[in-house]
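Below is one structure, written out as structure tokens; comments come after it.
Read the figures in this text as sums done on the coordinates, not as results from a lab. All figures in this text were calculated on a predicted structure; none of them were measured in a lab. Virtual Cβ from ideal backbone geometry, glycine too; neighbours counted across all protein chains shown.
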Amino acid sequence: MPMPHRSGPSSSSGPGRRGPGGRPYGNRPYGGRGSSRNQQQRKKRTCRFCDAKEDYIDSKNAKRLSRTVSEQGRIIPRRITGTCARHQRQLTAAVKRARHLALLPFVNDAVS
């Protein structure tokens, strides 16, 4: 037996959905997600390993590697540090190697 057709607003995501403030999604002032008024021109970060002309990132240099690891022990991403893709791959491997050698912590235990 076929189901009767329901009329009225549907709960599925369709073209009639509205965002905060009653405006439909996608029709935001100044284009995309954020407002361009509050954004500043940011200087393009350069890779610190390319600037130092390093070919190999040493996993035993814990002081250098600890700058690229957050307080919680996570590896900071490229878009924040400005590291190039090649050196980010080497850096990730070096941090993992240093963790295995107990030069860097896997997780910082911050009890608060």
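Observations on the structure shown:
- Long-range HN-HN contacts of residue 69 with modeled amide H, under 5 Å: 76
- Listed by chain and number, the lysines whose alpha-carbon sits under 27 Å from that of residue 60, ignoring those within fewer than 8 places in the same chain, are 96.
- This ranking places 81, 92, 46, 68 by how few other beta-carbon atoms lie within 10 Å of each, fewest first, which gives 46, 92, 81, 68.
- Whole-Hz ³J(HN,Hα) from phi, Karplus 6.51 cos²θ - 1.76 cosθ + 1.60, for the stretch 46-56, glycine and proline x: 10, 6, 5, 7, 5, 5, 7, 6, 8, 8, 9
- Order of 89, 99 under a 10 Å beta carbon neighbour criterion, fewest first: 89, 99
- Nearest-0.05 FRET efficiency for residue 46 and residue 96, computed from C-beta distance (R0 35 Å): 0.90
- Counted residue by residue at 0.36 nm each, then reduced by the alpha carbon distance between them, the extension gain from residue 89 to residue 61 reaches 8.4 nm.
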